[in-house]
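Let me begin by presenting the structure, written as structure tokens, before commenting on it.
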Amino acid sequence: MKLKTINLNTYYVRENGLISSPTLGEGRMIPALVVSKENDKSLKELINIHLDTPPGDAVVQWGAPFIHYFRPKIWHLHIAFSQPMDYKFEIEFNLEKDYSLIDAIHLSRALYLIYGEKGEKVSQKTDEMILVEIPEMHSDVLWNKTLNNILNRKFKKIGIPKKEIKKEIKNHISNMRKLLLLRKE
């Protein structure tokens, strides 16, 4: 059996932040990603078109590259726009560094997408961003298991005793998610 592979433009997170607006997402914190790719401005064009037209249609899906399937180090968020422009791409996340960002996207069920370079802050580009809804895709159970594994390895590396690791993981996740539950009214 031959596996079908799809080559998509891969964008990388250069900067990120959280934005809260009382008019969107019931005031909850929504992650904002500044992404870019060397020598490619297609996503920038999509965002610019999207800013001047009615909201578009997008299909999203989480995935891991096949080479990382059994013990993933990287996750991709595949996004396929059909309106206002037909464009498919993916955003790459490093699980060791970006786990809190992935968790924020899972919890908020959305993200703001901004095209920009490293050093360009979210606050500088709020008029150049689009909101992408990330619906519940039955990946929450897998994500929670993956998050626990990431934190387990991280806490083992820093020398937390084995008896305390489960409690520390639970506390870390709880504290990390408290920020996302703040609402602007």
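Quick notes on this one:
- Residue 141-residue 38 pseudo-label distance in nm [points 7 Å out on the Cα-to-Cβ vector]: 4.1
- Phi angles of the stretch 8-13 translate, via the Karplus equation with coefficients 6.51, -1.76, 1.60 and θ = phi - 60°, into HN-Hα couplings of 10, 5, 9, 9, 10, 6 Hz per residue; Gly and Pro are given as x.
- For the stretch 7-39 and the stretch 98-148, distance of Cα centres in Å: 5
- A simple spin-label model places pseudo-atoms 7 Å from Cα toward Cβ; at residue 100 and residue 178 they are separated by 1.3 nm.
- Near residue 59, once Lys and Arg are set to +1 and Asp and Glu to -1 for all other residues with Cβ below 11 Å from its Cβ, the sum equals -1.
- Within the chain, helix-based [θ] at 222 nm, where runs of 4 or more DSSP H residues each add -39,500 (n - 2.57), nearest 500: -11000 deg cm²/dmol
- Karplus-derived 3J(HN,Hα), 6.51/-1.76/1.60, for each residue of the stretch 30-39, Hz, glycine and proline x: 10, x, 10, 10, 9, 10, 7, 8, 4, 6
- Too-long pairs where the Cα-Cα distance tops 21 Å, listed order kept, from 156/178; 44/73; 145/170: 156/178; 44/73
- For residue 115, residues with placed amide H under 5 Å, excluding near neighbours: 35
- Loop GluC sites (Glu not before Pro), the stretch 11-89 (other Cβ atoms within 10 Å of the site Cβ: 13 or fewer; DSSP): 38
- Reported label for calculated Cα extents along the principal axes in Å given (i) 50, 45, 28; (ii) 51, 39, 32; (iii) 55, 53, 32: (iii)
- For the stretch 82-92, backbone phi angles converted through the Karplus equation (6.51, -1.76, 1.60; θ = phi - 60°) give residue-by-residue couplings of 10, 9, x, 8, 7, 7, 10, 7, 9, 10, 8 Hz, Gly and Pro being listed as x.
- Residues 78, 50 arranged by fewest to most Cβ contacts within 10 Å: 78, 50
- Once the C-beta distance of residue 45 and residue 78 is scaled by a Förster radius of 22 Å, the resulting FRET efficiency is 0.70 to the nearest 0.05.
Read the figures in this text as sums done on the coordinates, not as results from a lab. Keep in mind the model is a prediction, meaning the values are calculated, not measured. For neighbour counting, all protein chains shown are included, and Cβ atoms are generated from backbone atoms with ideal geometry for every residue, glycine included.
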